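Values quoted throughout were computed directly from the atomic coordinates according to the rules given, and no laboratory measurement underlies them. Nothing here was measured: the structure is a model prediction, and the numbers come from that model. Cβ placement follows ideal geometry from the backbone for every residue including glycine, while neighbour counts extend to all protein chains displayed.
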Amino acid sequence: MASEKVIQLTDAEFENTVVNSSIPVLVDFWAEWCGPCRRVGPIVDELAGEYEGKIKVAKINIDEHQSAANQLGVQSIPTLMLFKGGKLAERIVGAVPKETLVEAISRVL
């Protein structure tokens, strides 16, 4: 179950939520059938709570919303991207430990 602090993002909302955000945004590109995505999902939910007010956390289901993933060159999932000032600052591909994500977040804060 996704945290209520995590934005369930659509292609239509991508620009407004991510590109126009005044704070950094972590976007998790995932799919229901993806095992590694299910391992990373709870970590992403935790980060949403721990960094509330400092970053936005969003998930985009690539089976339902492919446009943003295609434009950003997402080739495998999970892919996590950190945006700062509307620009891609970090790209992390694969199921990574929480520490890896925390380090990436600290670099954009």
The correct count of residues that are part of a helix (DSSP H, G or I) and closer than 20 Å to Ala89 by Cα in region 1-27 is 8
Tell me which residues, restricted to region 6-35, are over 14 Å from the mean Cα position of the chain (by Cα) and surrounded by 12 or more Cβ atoms within 10 Å (Cβ to Cβ). Cys34
Count of residues meeting criterion [in contact with a strand residue (DSSP E or B) (Cβ under 9 Å, 6 or more places away or on another chain) and in a loop (DSSP other than H, G, I, E, B)] in region 28-50: 2
Taking the stated definitions as given, is Ala68 under 20 Å from Asn20 (Cα atoms), touching a helix residue (DSSP H, G or I) at 6+ places or on another chain (Cβ under 8 Å) and aliphatic (A, V, I, L, M)? yes
For region 79-95, how many residues meet the condition of being in contact (Cβ under 8 Å) with a residue 40 or more places away in the chain and part of a strand (DSSP E or B)? 7
Filter region 51-72 for residues that are assigned to a loop (DSSP other than H, G, I, E, B) and not charged (D, E, K, R); which is nearest to Glu99 (Cα to Cα)? Tyr51
Lys56 vs. criteria touching a residue at least 12 places away in the same chain (Cβ under 8 Å), in contact with an Asp or Glu (Cβ under 9 Å, 6 or more places away or on another chain) and not polar (S, T, N, Q): no
